[in-house]
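Working notes, beginning with the structure itself.
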Amino acid sequence: METEPLEISLELAVGNNVVTIPAGSIKGCQLSMGPLGYRGEIEFWQAFDDGKDDVIKLIKDTDPMSARLSICTVLDDPKIKTVPLVVQGLVTAKSYREVVQEQVNKAPVLQRHYTLSFRDIAQILWKQHFPAVLLADSTITDLIKGVTVKGVSLNLDWSFLEEARTVSFLPCGNDVREVSFYDWLLWLAENYGAHLYYDYLNNRYTLSSKKEQKSKNKTLRLNDIESVIVHLPEECRHNIRILNAYSEKPASDEVKQDRSVAGCRRDIILRAPVESDYSDRKTLEKKRLVSRGKELEIPFQCFPAKAFAPNDFIDFSDEFSSSLSWSSGSYRVVTSRITISATEQEAEKGKHDRVSSFNVSLVVTAEEEDNEYRHIPNHEQPHYPVYVEGKIMSDKGELPDKTYELGKDAQSKLEAYKVKIPLWNQDLSVEFSPNTLPGHFYFPAFKGSRVLVSLWFDHARIESFLDFGSGTALPQDSQGNHILFGPNGKNETSMRHEIVDKKPTFSIKRICDEDTELVKLEEGTILLQTKEEEQSALSTETFDLTPKVALAKSSLAMAKEEGVGSVTTQFESTSSEVTASINEAVGEAATQLEVMDAQISGKIGEVEAQVNAAMSQIGDKTEEMSDKAKEAKNELLERLKL
């Protein structure tokens, strides 16, 4: 450590209450500064005779306390212009110890020794910031600006952030792994090839596709530095191979670099149905394939006249030999470590002095100005996906109808649902895919369906369905299964399999307004029915002989002959045409039911038409024939088990 005079000032503020601590009261300070911010600690005495201590009021206040520290060297030569180092931030930890004149009751406090820890504002507030925000049809810029914290200035200079996205999701506040907004920004910069850095002069942060642009250099003099150590970090020796696992267009491309060793590679597997996603990933990996490059470590003999901070540019004066490998060119400061200790540690001595004597240690690291290596500190990885509930949207049909509607995703150009996420009131475009169903099935999700949605950084997926549609569920006692097609109860087709009396029953029922068709299979019976639910009032008696029972093969064979004989006896007085029609209808029905082929429904319809015609003729007969017809009808109904 070298001893030299420094002008140091510490300004503490809570709201409008401001206290300034001069150099004479400051006894020690440490600063660790990097491209993205700093950490600092300072200790000082407050000695007073009147018992008044303005600092203690600030220390005890629970509101945020800001700190502004200025450090500047003091030179004998007035011609040399000095520039101070200034850091600003918030106080994080506070402690103090008190000194009294005597250890007796009610002895007044004469001195307090304070120790304060402070950091740049983003490290404090962003690390306590855990927003969970979802935006649809927006940009990452909109996402970031929507969660800004008062007092933290962030400049966005990255075209990637301006790209329109169907989904943008910030997942900090989830119960799987909480990741702060600070960590999320670091992850974003690291994974998508950007730089996040802090402007010490303007107390501002920047997220950019490129590093801080070159500013005016601050030249180092020969007497400023003690030595220069050149560090050559380990080189990156691998190439990168991008593999697209999309089965319709598998691809493999290599991203090469000059320093690679043959055969050494890093494979990255992704599934990218959209070709632009694949090409974008290749561009990104090429940008990320950057070695750290040469760095200088510079211990200083004294505090420089023109102080500098990380992201500032320095060069070396002509006093240095041109033969030195590092003396030419411009360098960007990466880190700066400062340790200051007062030569006089007593509280009372020089407590009001603006300038005081300090032991100073300053070590700086710097990189070549064109180095694009990203200095991203260790950070937590955000947890994707996050699972939330949504509801399928559709503009087709009436409000309660179970309709579906598919559109084109503006980003991927693939078919997609519109899904409302009620928690954020956002309508997302979500890819329409078979999900876990094989290609035999085509079952788009209908309007109002509750779905489990996985949210990723820039897209969403439907993972599962969370409820049954209206009318789909069956009573537990039936132990049944049910598939229900159609938009509503007036326009649908139902397929049911139920257990009735410990025996399986299968039915298919179609409904279209008042028209219904039913096919039902149960023990010993096949039922085929078609009818209109709406009934018309008639002035004369009619006979509804719509077939409602299908007989088993064995019972039908026995009943057929008996039924034909009974019909013949009862209708002897009718015309031969009526008798023949009835016999023919019954015979055809029996034959078709025995073979149980696909023509059964047509033949039953023919039976219906012919029997209805015969009964219509019977209705026109005399009252005597009417009585006989009624007897025949009743017997026939009993025979056929109508």
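So which of E275, E235, E212 is over 30 Å from V149 (Cβ atoms), among the acidic types (D, E) and open to solvent by less than 80 Å² (accessible area, probe 1.4 Å)?
E235
Inside the stretch 105-123, can you point out the residues that are under 30 Å from A47 (Cβ atoms) and open to solvent by less than 40 Å² (accessible area, probe 1.4 Å)? Explain how you work it out, then say what you get.
At the first step, the residues of the stretch 105-123 found to be under 30 Å from A47 (Cβ atoms) are 105-119.
Of everything in the stretch 105-123, those that are under 30 Å from A47 (Cβ atoms) and open to solvent by less than 40 Å² (accessible area, probe 1.4 Å) turn out to be A107, V109, Q111, R112, H113, Y114, T115, L116, S117, F118.
Just to be sure I understand, how many residues within the stretch 340-383 are in contact with a helix residue (DSSP H, G or I) (Cβ under 6 Å, 6 or more places away or on another chain) and assigned to a strand (DSSP E or B)?
Here the count works out to 2.
Looking at (1) outside any strand (DSSP E or B); (2) exposed (fewer than 15 other Cβ atoms within 10 Å of the Cβ); (3) touching a Leu at 6+ places or on another chain (Cβ under 9 Å), which one does T283 not meet, given that it meets all the others?
(3)
List, please: which pairs have Cβ atoms under 7 Å, are six or more places apart or on different chains, and start with a residue in the stretch 425-454 that is open to solvent by 80 Å² or more (accessible area, probe 1.4 Å) and end with one that is modelled with pLDDT of 90 or more and in a strand (DSSP E or B)?
E431/A416; E431/R461
Considering the stretch 171-219 alone, what residues qualify as being in contact with a Pro (Cβ under 6 Å, 6 or more places away or on another chain) and assigned to a strand (DSSP E or B)?
P171, Y197
For T20, work out the one condition from (1) assigned to a strand (DSSP E or B); (2) more than 51 Å from the chain's Cα centre (by Cα) it doesn't fulfil.
Only one criterion in (1) assigned to a strand (DSSP E or B); (2) more than 51 Å from the chain's Cα centre (by Cα) is unmet by T20, namely (2).
Determine, yes or no, whether R288 is open to solvent by 50 Å² or more (accessible area, probe 1.4 Å), touching an Asp or Glu at 6+ places or on another chain (Cβ under 9 Å) and in contact (Cβ under 8 Å) with a residue 12 or more places away in the chain. Can you show your working first?
Numbers: open to solvent by 50 Å² or more (accessible area, probe 1.4 Å): yes; touching an Asp or Glu at 6+ places or on another chain (Cβ under 9 Å): yes; in contact (Cβ under 8 Å) with a residue 12 or more places away in the chain: yes.
In short, yes.
Among all residue pairs at least 6 apart or on different chains, which show Cβ distances below 9 Å where the first residue, located in the stretch 389-412, is charged (D, E, K, R) and the second is at pLDDT below 90?
Filtered contacts from the stretch 389-412: K402/G469; K402/S470; K408/L414.
May I ask you to say which residue of L243, L222 is part of a loop (DSSP other than H, G, I, E, B) and farther than 29 Å from L36 by Cβ? I'd like the intermediate steps shown before the answer.
Working: L243 fails: part of a loop (DSSP other than H, G, I, E, B).
The unique qualifying residue is L222.
Out of L484, L452, L474, L428, I need the residue that is in a loop (DSSP other than H, G, I, E, B) and either in contact with a strand residue (DSSP E or B) (Cβ under 6 Å, 6 or more places away or on another chain) or aromatic (F, W, Y) (or both). Which one? Steps first, please.
Details: L484 fails: in a loop (DSSP other than H, G, I, E, B); L452 fails: in a loop (DSSP other than H, G, I, E, B); L428 fails: in a loop (DSSP other than H, G, I, E, B).
Checking each option against the conditions leaves just L474.
Any idea which of E405, E389 is closer than 28 Å to V176 by Cα and open to solvent by 20 Å² or more (accessible area, probe 1.4 Å)? Steps first, please.
Values: E405 fails: closer than 28 Å to V176 by Cα.
Unique residue meeting the criteria: E389.
Within the stretch 58-74, does at least one residue satisfy the condition of being exposed (fewer than 15 other Cβ atoms within 10 Å of the Cβ), at pLDDT below 95, more than 45 Å from the chain's Cα centre (by Cα) and more than 30 Å from L36 (Cβ to Cβ)?
no
Kindly establish whether L399 is part of a loop (DSSP other than H, G, I, E, B) and out of contact with any helix residue (DSSP H, G or I) (no Cβ under 9 Å at 6 or more places or on another chain).
Numbers: part of a loop (DSSP other than H, G, I, E, B): yes; out of contact with any helix residue (DSSP H, G or I) (no Cβ under 9 Å at 6 or more places or on another chain): yes.
Yes, satisfied.
How many residues are touching a Ser or Thr at 6+ places or on another chain (Cβ under 8 Å), open to solvent by 20 Å² or more (accessible area, probe 1.4 Å), farther than 22 Å from K418 by Cβ and aliphatic (A, V, I, L, M) when one looks only at the stretch 129-183?
Residues meeting the conditions: 2.
Kindly indicate the residue of the stretch 315-373 that is among the hydrophobic types (A, V, I, L, M, F, W, C) and open to solvent by 40 Å² or more (accessible area, probe 1.4 Å) and also farthest from R39 (Cα to Cα) among those meeting that condition.
Initially, the stretch 315-373 is screened for residues among the hydrophobic types (A, V, I, L, M, F, W, C), giving 316, 320, 324, 326, 333-334, 338, 340, 342, 347, 355, 358, 360, 362-364, 366.
So of that shortlist, the ones also open to solvent by 40 Å² or more (accessible area, probe 1.4 Å) come out as 324, 355.
Values: L324: 33, V355: 24 Å.
Ranking the qualifying residues of the stretch 315-373, first place goes to L324.
Could you check, for the stretch 488-495, whether at least one of its residues is loosely packed, with under 14 Cβ neighbours inside 10 Å and either at pLDDT 95 or above or over 18 Å from P400 (Cα atoms) (or both)? Give the derivation first.
Step one: of the stretch 488-495, the residues loosely packed, with under 14 Cβ neighbours inside 10 Å are 489-490.
Restricting the remaining residues to those that are either at pLDDT 95 or above or over 18 Å from P400 (Cα atoms) (or both) gives none.
No, the stretch 488-495 has no match at all.
Examine the stretch 91-104 for a residue that is aliphatic (A, V, I, L, M), free of Cβ contacts under 8 Å to residues at least 24 places away in the same chain, touching a strand residue (DSSP E or B) at 6+ places or on another chain (Cβ under 7 Å) and open to solvent by 70 Å² or more (accessible area, probe 1.4 Å), and state whether such a residue exists. Break it down stepwise before answering.
In the first step, residues of the stretch 91-104 are kept if they are aliphatic (A, V, I, L, M); the result is 91, 93, 99-100, 104.
Then drop every residue that is not free of Cβ contacts under 8 Å to residues at least 24 places away in the same chain, which leaves 100, 104.
Those left that are additionally touching a strand residue (DSSP E or B) at 6+ places or on another chain (Cβ under 7 Å): 100.
Pick out the ones that are also open to solvent by 70 Å² or more (accessible area, probe 1.4 Å) and you get none.
No.
Of all residues in the stretch 30-50, how many are within 43 Å of the chain's Cα centre (by Cα) and assigned to a strand (DSSP E or B)? Can you show your working first?
Looking only at the stretch 30-50, we keep the residues that are within 43 Å of the chain's Cα centre (by Cα), and these are 30-42.
Next, from what is left, pick out any that are assigned to a strand (DSSP E or B): 30-34, 37-42.
Of the residues in that region, 11 qualify.
Tell me, yes or no, whether the stretch 435-444 has at least one residue that is touching a strand residue (DSSP E or B) at 6+ places or on another chain (Cβ under 9 Å) and either of a type in the set (V, I, T) or closer than 30 Å to Y192 by Cα (or both).
Checked against the condition, which is being touching a strand residue (DSSP E or B) at 6+ places or on another chain (Cβ under 9 Å) and either of a type in the set (V, I, T) or closer than 30 Å to Y192 by Cα (or both), the stretch 435-444 yields at least one hit.
The values are calculated or read from the model by the stated rules, or taken from the named source; none is laboratory data. On a predicted model such as this, the values are computed, not experimentally measured, just so you know. Backbone-built Cβ (ideal geometry, glycine too); neighbour counts: all protein chains shown. Note: accessible area is taken over every heavy atom of the protein model, side chains too, but ligands, DNA and RNA are not part of it. Shrake-Rupley method; radii C 1.70, N 1.55, O 1.52, S 1.80 Å.
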